[in-house]
1. Scanning for something open to solvent by 60 Å² or more (accessible area, probe 1.4 Å), among the acidic types (Asp, Glu) and closer than 27 Å to Ser244 by Cβ, does the range 24-35 turn up at least one residue?
2. Just checking, which of Pro149, Pro194 is over 27 Å from Pro249 (Cα atoms), open to solvent by less than 10 Å² (accessible area, probe 1.4 Å) and in contact with a helix residue (DSSP H, G or I) (Cβ under 8 Å, 6 or more places away or on another chain)?
3. State all residues of the range 218-239 that are in a helix (DSSP H, G or I), open to solvent by 10 Å² or more (accessible area, probe 1.4 Å) and under 24 Å from Ala325 (Cβ atoms); if no residue qualifies, say none.
4. Out of the range 36-48, which residues are aliphatic (A, V, I, L, M) and either without any contact (Cβ under 8 Å) to a residue 40 or more places away in the chain or open to solvent by 20 Å² or more (accessible area, probe 1.4 Å) (or both)?
5. Cβ-Cβ distance below 7 Å, separation of 6 or more or different chains: which pairs start in the range 285-313 with a residue that is free of Cβ contacts under 8 Å to residues at least 12 places away in the same chain and end on one that is loosely packed, with under 15 Cβ neighbours inside 10 Å?
6. Tell me, please, whether a residue that is surrounded by fewer than 22 Cβ atoms within 10 Å (Cβ to Cβ), out of contact with any strand residue (DSSP E or B) (no Cβ under 7 Å at 6 or more places or on another chain), in contact (Cβ under 8 Å) with a residue 12 or more places away in the chain and not in a helix (DSSP H, G or I) can be found in the range 240-249.
7. Show the residue pairs meeting these rules: Cβ distance below 8 Å; 6+ apart or different chains; first residue within the range 113-128 and assigned to a loop (DSSP other than H, G, I, E, B); second residue charged (D, E, K, R).
8. Could you grab me the full set of residues in the range 244-259 that are in contact with a His (Cβ under 9 Å, 6 or more places away or on another chain) and at pLDDT 95 or above?
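The values are calculated or read from the model by the stated rules, or taken from the named source; none is laboratory data. Values in this document were obtained by computation on a predicted structure and should not be read as measured data. All Cβ positions, even for glycine, are placed from backbone atoms using ideal geometry, and neighbour counts span all protein chains on display. For the accessible areas, the whole protein counts, side chains as well, though only heavy atoms, and no ligand, DNA or RNA atoms are used. Shrake-Rupley method; radii C 1.70, N 1.55, O 1.52, S 1.80 Å.
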Amino acid sequence: MERILYTADAPGVLLDVIIAEASPASLFILADENTAVHCMPVLLGSSESAAGATLLVTPAGDGRKTLDAAESLWHRLVDAGATRSSMLVNLGGGMVSDLGGFVASTFKRGMRYVNVPTTLLGAVDAAVGGKTGINFAGLKNEVGVFARPESTIVSTCFFATLPQQELLSGYAEMLKHALLSGTDATARALSEVPDVHVGGLLDMMRESISCKELIVASDPTEKGPRKALNLGHTFGHAFEEFASERRRPVSHGHAVAMGIVAELVLSRMIYGFPSSTLYAVAAFVRENYAGLDVSCDDYPRLLGLMAHDKKNASPDAISFSLLHAPGSPAVDSIVNATDIRAALDIYRDLMQ
């Protein structure tokens, strides 16, 4: 069972406890080019065990989360004599958690790993729950396995230098968790804007991650209830990939925020989701998140991207995780192209 540890301080003390308990044959730390410079010194300054680890550095950016990157890391683990009894610490955002978790869980049929997320998005999303993966054939997280980390250390000490737009990217996932929790949690989420200097951020994260933990515990490999965590992601991934194709990239969290609005529109159309909550969420996203210009001419491409979503049973059956109401998910909702186009029309009106 994955262990989540929380601290407002540097994570090294908690990491030393984990390493002492696990007693790995050897220790490796994976960082990207940015976290190796900005976050690794924090870890080294607070952890005795980190000083004896082998550092592996991978290129930064979600677009570098590839099979080539995984293969390079496997080679480096082999060259360094890593075994199944070794341990990998993933120090970085969601890309590092996804890639490092995949590399660790496939090397020698599985070595233990620990996530130390350095972004709000990474902490509340990729670092928790054991979904690992890499991008393949132009599609996000197309290849991966379910393999939960031994522990995840959530430390807000890394967030002080994050720009507000990066904090908002992570907050989109927290908004999703609030919608899955219920009306009260949704109201609280819509009344807040994340601020690393506000002492309540760690408590907000703890509440958000606890929602995800409960869902994952009930369905570790996403056969049923865990699919609810895909709320906002069928549209969101399509928006993210579409923006990248147009060379107007948006962050994963910003795409998910827009995807949440579009999927709440579908929820209203199909299940009668409360219009007051839909309008409140749309207003929050419109005010805090950068939009994405989409026209009717773009609908075929967006539908094509959604057809390749890995949640679908077939390319002709586009599946969504929607809501009857806050706290009442409707997974495996198959929606036809006509309704998706209608939802896009309404979404565009709401986001103007």
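1. There is at least one residue in the range 24-35 that is open to solvent by 60 Å² or more (accessible area, probe 1.4 Å), among the acidic types (Asp, Glu) and closer than 27 Å to Ser244 by Cβ.
2. Answer to the check: Pro149.
3. Those that are in a helix (DSSP H, G or I), open to solvent by 10 Å² or more (accessible area, probe 1.4 Å) and under 24 Å from Ala325 (Cβ atoms): Ser218, Pro225, Lys227, Leu229, Asn230, His233.
4. If the condition is that a residue be aliphatic (A, V, I, L, M) and either without any contact (Cβ under 8 Å) to a residue 40 or more places away in the chain or open to solvent by 20 Å² or more (accessible area, probe 1.4 Å) (or both), then Ala36, Val37, Val42, Leu44 are the ones that fit.
5. Pairs found: Ala307/Pro315.
6. Looking through the range 240-249, at least one residue is surrounded by fewer than 22 Cβ atoms within 10 Å (Cβ to Cβ), out of contact with any strand residue (DSSP E or B) (no Cβ under 7 Å at 6 or more places or on another chain), in contact (Cβ under 8 Å) with a residue 12 or more places away in the chain and not in a helix (DSSP H, G or I).
7. Close Cβ pairs satisfying both conditions: Thr119/Glu166; Asp125/Glu173; Ala126/Asp98; Val128/Glu2; Val128/Lys212; Val128/Glu213.
8. Selection gives Ala255, Val256, Gly259.
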